[in-house]
Amino acid sequence: MSLDLDIHVKRGRFTLEVQVTAPAGVTVIFGPSGSGKTTLLRAVAGLEAVDRGQIVIEGSNLTERPAHRRAVGYLFQEPRLLPHLNVRGNLKFAQKMGREVALQSFDEVIALLELGNLLERTPFALSGGEAQRVALGRALLSAPKCLCLDEPLAALDQGLKHRILPYLERLRDRTDIPILYVTHDAAEMARLADHIVLMQAGRSVLSGPAEVILSDPAAVPYLGVRAAGTVISGQVMARDPTTGLAVMGFDGGQLILPELNQTKGRSIRIRIPAQDIVLAREKPKGLSALNVFEGTITQLHAGQGPGVMVQFKTGETLFLARVTQYSAQKMGLAVGQTIFAIVKATAFDPTGIGT
Amino acid sequence: MSWLTIGPVELDALRLSLWVAVVAVALSLPVAVAVAYALARCRFWGHGLLNALVHLPLVLPPVVTGYLLLVVFGRKGTFGPVLEALGIQLAFTSAGAALAAAVMAFPLIVRAIRLALEAVDPRLEEAAGTLGASPIKVFAFVTLPLILPGLVTGAVVGFAKALGEFGATITFVSNIPGETQTLASAIYAVLQVPGQEAAVGRMIALSLILSFGALLLSEVLARKMVRR
């Protein structure tokens, strides 16, 4: 399944002009506030009128259909549960409205989001995180052909976010419908995104697979230096119970990770921020850092600030490192050079490790 | 006949009052929901005019409202010939009494429902739309349940108003025992004759019982809805 968008909306001085194709999986729409992310999602769901353009899901054109006939599941920033119904009533609402929901999906969604003990509660008796989980379940149980998640974690505090993120990852891994996910949180994007669309001032400036965009020096101005970095997917190959260190294999080498509560054989993905990589021209000796790997510089990109973004390739994986302009000059960095990258095992934020 | 025994005239008045109030509320409620929805949610030309028109019976002296009803619905009024052709007579009939009570109660019912509608979060209705509910279903399954307390309040206040309505009723349908004599007009009629204190007392007691009963019922309903 895929989603093809060509959307033109003009509201006063604001213009939204976006052409995007979102394949199955999570497409993160990332950009500063006011860049038109929410307007884009609302247009897809039929909540915002479109001046011109087309919204096509799986080959069927939805542009002229009203919101209730689009089958676009929408999770808003706030849960918007219906206060006169209990959790079960909210979850079954779409079914009552005539949407054909497969019989087993109710139990599946309950299990996926762990809603079993909440069913008889009223929305008032739910915490913020629980309510948002119910709202997600309700959207899933509306037989959606596409899901729009509009900063679903923005209203939750940091601790709760990390409790909900695993649910979203499970959702991503178990459905084959396109999911549009709006956020301005780089860590969330790195954990969830299969594809990324970068938005600015109502236009999509860059889009592509997450690994490509996140390690593309050209994307750094839009991502911000803190968000830029490498996303690596791989498998847990071993875990040492005494040191707590785990070894993850990826295309191009191995990484040693700290305090990882993942069992052997599981696929995980981690993010290495560009600013957490140290570069050396020669193979370093006597270092405390556990991860050193060799690569070839593929791109050098001087930004507006004092930093230079260095993209290098190890195996088939593209990494992004940020060094100062001064270091880059002193080291004489150039495209095609062999380089050694050093990553401290403690640079990985355990909460930023996803599946 | 002991002073506590309720006579046939009083019983007729009681029965008529209840009938008039129930019919008035039943007639007003659906129209009031539509008008309240238009006033609370829609923007259209004549919004202010409609609002003023709805509130007119609240600010006009009831006698004037009754007189205007005569002018519009009386036998020689604007719609008199049309109604007569349809075999409907409103002036000086119990149906007319219900109409007068409905007109007088209408603004109160509309106000209660409009307040409830304005308190409904439109974002909930939007969310229901994304779950497959058409605008009509959104109204039936989201908006209506959420304004139910306002609907009950409006109905009870309207019922009380219809029960006690006097000025417009007596002007429009007069005070015919057994036909248009409600409790309020019966009390008025009895007061015109000296030495009827016992009858006045009985009817006042009946009015009190009715009013308190309605209030009690609304309390019980309101509490039930809060518990849900």
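FYI, it's all coordinate maths here, none of it is from the lab. Please read all numbers here as calculations on a predicted model, not as lab measurements. Here the Cβ positions follow ideal geometry from the backbone for every residue, glycine too, while neighbour counts run over all protein chains shown.
Considering every pair of different Cα atoms, what Kirkwood radius, in Å, is found for chain A?
Roughly 21.8 Å, rounded to one decimal.
Say we join alpha carbon atoms closer than 10 Å with springs in a Gaussian network model of chain A; which of A:313, A:37, A:264 then has the biggest fluctuation?
Between A:313, A:37, A:264, it is A:264 that shows the largest mean-square fluctuation.
Apply the Karplus curve 6.51 cos²θ - 1.76 cosθ + 1.60, θ = phi - 60°, to the phi angles in segment B:139-145 and return the couplings in whole Hz, x for Gly and Pro.
5, 6, 9, 10, 4, 4, x
Would you calculate a helix-derived [θ] at 222 nm for chain A, using -39,500 (n - 2.57) for each DSSP H run of n ≥ 4 and dividing by the full residue count, to the nearest 500?
-6500 deg cm²/dmol
Using only atoms on other chains, find how many Cβ atoms lie within 10 Å of each Cβ of peptide B:119-130 and report the average.
Going residue by residue through B:119-130 and averaging, the value is 6.
Once Lys and Arg get +1 and Asp and Glu get -1 on their Cβ, which of B:77, B:109, B:138 lies farthest toward the positive end of the dipole of segment B:8-227?
B:138
Fewest first, what order do A:101, B:20, B:63 take by the number of other Cβ atoms within 10 Å?
Ascending number of Cβ neighbours within 10 Å: B:63, A:101, B:20.
Among A:330, B:161, A:145, which comes first, second and so on when ranked by fewest other beta-carbon atoms within 10 Å?
A:330, A:145, B:161
Check residue A:11: other-chain or 5+ apart residues with amide H under 5 Å from its amide H, H built from backbone geometry?
Close amide H contacts, sequence-distant or interchain: A:16.
State the answer as a single residue: which of A:209, B:163, A:300 lies farthest towards the positive end of the charge dipole of the protein assembly as shown, with beta carbon charges of +1 for Lys and Arg and -1 for Asp and Glu, about the Cα centre.
A:300
Please work out the C-alpha center-to-center distance from segment A:156-175 to segment A:83-100 and express it in whole Å.
Result: 23 Å between the Cα centres.
May I ask you to derive the relative contact order of segment A:187-242, considering only C-alpha pairs under 8 Å and at least 6 residues apart, and to give it as an integer percent?
Normalised by residue count, the contact order of segment A:187-242 is 25 percent.
Quick one: dipole size for segment A:230-352, taken about the Cα centre, charges +1 on Lys/Arg Cβ and -1 on Asp/Glu Cβ, in debye to the nearest 20.
60 debye
For the protein assembly as shown, build the charge dipole from Cβ charges (+1 Lys, Arg; -1 Asp, Glu) around the Cα centre, then report which of A:40, B:31, B:11 sits farthest towards its positive end.
Looking along the dipole axis, the top candidate is A:40.
Could you tell me which GluC sites (Glu not before Pro) in segment A:281-347 are loop residues by DSSP with no more than 12 other beta carbons within 10 angstrom of their beta carbon?
Those satisfying the criteria are A:282, A:316.
Kindly give Rg over Rh for segment B:8-227, based on alpha-carbon atoms, with the Kirkwood expression for the hydrodynamic radius.
1.04
When the Karplus curve 6.51 cos²θ - 1.76 cosθ + 1.60 is applied with θ = phi - 60°, which whole-Hz ³J(HN,Hα) does each residue of segment A:217-225 get, with x for Gly and Pro?
x, 5, 8, 4, x, 8, 7, x, 5
Evaluate the charge dipole of chain A about its Cα centre and quote only its size in Debye, nearest 20, assuming +1 on the Cβ of each Lys and Arg and -1 on the Cβ of each Asp and Glu.
The dipole of chain A has a size of about 380 debye.
What residue among B:127, B:160, B:214 shows peak mean-square fluctuation when chain B is described by a Gaussian network model with Cα springs under 10 Å?
Checking each option, the largest mean-square fluctuation is seen for B:127.
Can you tell me the orientation of helix A:103-113 relative to chain A, as the angle in degrees between its alpha-carbon axis and the longest Cα principal axis, to the nearest 10?
40 degrees
What's the percent breakdown of Cα-Cα distances in segment A:1-136 across 10 Å bins, shortest bin first?
Values per bin, smallest distances first: 11, 34, 33, 20, 2.
With +1 on each Lys and Arg Cβ and -1 on each Asp and Glu Cβ, and nothing else charged, work out how big the dipole of segment B:145-228 is about its Cα centre, in Debye to the nearest 20.
Result for segment B:145-228 is approximately 520 debye, rounded to the nearest 20.
Cα axis of helix B:47-59 to longest principal axis of chain B: angle in degrees, 0 to 90, nearest 10?
Here the helix axis deviates by roughly 30 degrees.
Cα centroid distance between segment B:121-149 and segment A:218-273, in Å?
Using only Cα atoms to place each centre, the spacing works out to 46 Å.
Sequence gap at least 6, Cα distance under 8 Å: using those rules, report the relative contact order of chain B to the nearest whole percent.
The value is 31 percent.
I'd like the mean, over residues of A:39-48, of how many other protein chain beta carbons sit within 10 Å of each residue's own Cβ.
Other-chain Cβ atoms within 10 Å of each residue's Cβ, averaged: 1.
Hey, what angle do you get for helix A:158-174 against the long axis of chain A, alpha-carbon based, 0 to 90 degrees rounded to 10?
Approximately 80 degrees, to the nearest 10.
Based on DSSP H runs of at least 4 residues, each adding -39500 (n - 2.57), what is the mean residue ellipticity at 222 nm of chain B after dividing by all its residues, to the nearest 500 deg cm²/dmol?
-24500 deg cm²/dmol
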